[in-house]
Amino acid sequence: MSRPVHITGSALNCACGDSPAKAAASMWAGTTRLGQKHLGDRAFPYYSLPLSETAWLPRAEQAIRSLTAQLGPIAPTTPLFIASSSFQMGWFEEQGQPFDLPPASASFSRQIAAWLGLDGPRYTFSNACISGFSALDAARSLIAAGSIDEAIVVGVELANASTLAGFAAMELLSRSACRPFDATRDGLVLGEAVAAVRLSSQPAGWRISGLRTGIDAYSTTGPDPQGGPIAELLRDCLDEAGLATEQIELIKLQAAGSPGTDLAEANALRQVFGQAMPPLLSLKPALGHTLGASGIAELAALLACLDSEHIPATGGFSRVDPEIALCPLVERSNAHISRALLNLVGFGGGLAALIMERRR
Amino acid sequence: MSFLNAIFSQHLTADALPGAVRSTLGKPLRRAAGLTQLAVIGALTCLPEAQRQLPTALLWQSNSGPRQETLTLLDEVCCGPAEPMPYDFLATQPAIAAAQLKPFLPGLHSAMHLPQDEVGQAYWSLLITLAGHWLAQGRYAQVLCAQLDHRVEGSAAHWLALAAQPLENPLARLQLSKTGAQPSLADCPDFPERLGRWLNEPPTDSLYLHAANAPGLTVEFARL
């Protein structure tokens, strides 16, 4: 048994809006709220959620509860798939020493489920930046096979000093801005987001026609600069969807402004798409790199852009890097997109790609 | 239908883990967190050398997660000079285990890490159901399912090696079932050990794995 799996709803709270439609409108208008976080003597740009609560746990609750109204009524027993890379690290930091970690490492997922009003099966995925697509992969596989009929897939990444400090210690962060594929790009800009999509066997506007995850073991901190493993994964995803490269009308890039990863992604795209390169878009200059939430957050944001036929320009890009030799969208577009590919390249070697197709 | 080709369970004291790695690899595994070391030992124990090039997925769950590594990071960030040692941050990222395993398991195509949210909880029914679907589709030739826990007091690892094709002496065949029957086992962390005991204790022909809150994810194991 293999049946189509559709995206029947989405929800988003990110730096550029507290719903997919608001985020899409903000990206279209180019109004990005870039803040700042301090770490010792250094300051880093950061995309924060616009929430009224300031203490970590009430703030997390406010963020998660903001998804429920957007998703509409959900049967309490609906299977829940949660993706995160840092869970409640900010809560541990706020509590201070002695750090009281619960025995089960993903205990925060119980709290997320309670805030969402769900008490059915609950599964958590933590695969760094590809966590969201890992969770989608599992949920979609079960629906396609008839094991379940519906699922809620949630991505959660909330501010904490440990993640920021870890990336800063590895010199992976920009001190100024996110510049995807740009010649002057100098690192990531982190952000926080919560997002959800609802998957179902019932027909809806968009269908997930391909989804593959992979591993690039070149290094634990960055992909093979030649892009070979990323290219292999993109081909696998196209094969699964039964699509030729010419049929992809838009690519949502990983492109976070990282010198090495952007180059690897560009090299992979050239190998797969050659001269027939579809329009390229990075959402990270609007949302920031939201790590474990990025897969779901960027999917929800992109769906809203495509549904409104308001495809934003890629912020932060002004000068072509001769090594990359690819230019993301710099002009806004009202194109009607029927097939889009979303690419993720994860910290720690994770790769993921998803193709979605509009229902005819 | 797919086949259970190997079961492996291991309990180690904290100081025994490096020795177990050395005896598996013939050398130490440098700059690898405890969970990564357990992953390398288990994967190589479950898969004979001839199988290691085949398209493989790794689905692993953990209750402990990188607990000690997380405490170290929190100490460095909250009580130290603000920025941690880069390796100490990397060690808190369980996803890295797959990248460190791949050189020893070249066929490793994909890995998913599922941290658990309750003590005593397990996702075996989910992992085996996903494996069953993916093997039936031909997405992978084999899927390794594991429960890995690494704490100060010791480590525990439980593994099942599932494949579309049986090895010379497969332990059981398995299929996904919409409804369960008896005898059955609950979804618990040491399920592979219990399954191994059932395989050594006739007389029933089949055993069902039930997840109490997910009846759609029932798995039937049958003796060969």
Ranking by accessible area, most exposed first, for B:HIS210, B:HIS150 with a 1.4 Å probe: B:HIS210, B:HIS150
Sorted by accessible surface (1.4 Å probe, heavy atoms of the protein chains only), largest first, A:GLU53, A:GLU265 come out as A:GLU53, A:GLU265
To the nearest Å, what is the center-to-center distance of the stretch A:283-305 and the stretch B:57-87, using C-alpha atoms only? 25 Å
Where the convex hull is taken over the Cα atoms of the protein assembly as shown, what is its projected area averaged over directions, in nm²? 24.1 nm²
Separation between Cα centres of the stretch A:306-360 and the stretch B:131-183, rounded to whole Å: 37 Å
In percent, what relative contact order does chain B have, based on Cα pairs under 8 Å that are 6 or more apart in sequence? 30 percent
When chain A is treated as a Gaussian network with springs between alpha carbons less than 10 Å apart, the largest mean-square fluctuation among A:HIS289, A:HIS310, A:HIS336 is found at A:HIS336
From the convex hull of the Cα coordinates of chain B, what is the mean projected area in square nanometres? 12.9 nm²
Not counting ligands, DNA or RNA, and with a 1.4 Å probe, what is A:MET170's accessible surface area in Å² rounded to the nearest 10? 40 Å²
Eligible aspartates and glutamates near B:LYS178 by straight Cα distance, threshold 19 Å, same-chain separation 8 or greater: A:ASP149, A:GLU150, B:ASP187, B:ASP205, B:GLU220
Using Cα centres only, tell me the gap between the stretch A:43-116 and the stretch A:217-235 in whole Å. 31 Å
Peptide A:122-131, shielding by other chains (average Cβ, 10 Å cutoff): 6
Calculated from DSSP H runs of 4 or more alone, at -39500 (n - 2.57) each and per residue, what is the 222 nm mean residue ellipticity of the protein assembly as shown, nearest 500? -9500 deg cm²/dmol
Run the dipole for chain A about the Cα centre, Lys and Arg Cβ at +1, Asp and Glu Cβ at -1, nothing else charged, and hand back the magnitude in debye, nearest 20. 620 debye
Sort the following peptides by mean Cβ neighbour count (other Cβ atoms within 10 Å, averaged over residues), highest first: B:21-28, A:319-326, A:74-81. A:74-81, A:319-326, B:21-28
So which lysines can A:LYS252 reach, going by Cα to Cα under 22 Å and dropping same-chain residues fewer than 8 places off? A:LYS22, A:LYS284
What accessible area, in Å² to the nearest ten, does a 1.4 Å probe give for B:GLU49? 140 Å²
Exposure rank, largest accessible area first [A:TYR218, B:TYR87, A:TYR123; 1.4 Å]: A:TYR218, B:TYR87, A:TYR123
Report the charge-dipole magnitude of chain B in Debye, nearest 20, computed about the Cα centre from +1 at each Lys and Arg Cβ and -1 at each Asp and Glu Cβ. 680 debye
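The values are calculated or read from the model by the stated rules, or taken from the named source; none is laboratory data. These numbers come from a predicted model, not from an experiment. We place every Cβ from the backbone using ideal geometry, glycine too, and count neighbours over all the protein chains shown. Note: areas computed on protein heavy atoms with side chains; ligands, DNA, RNA excluded. Shrake-Rupley method; radii C 1.70, N 1.55, O 1.52, S 1.80 Å.
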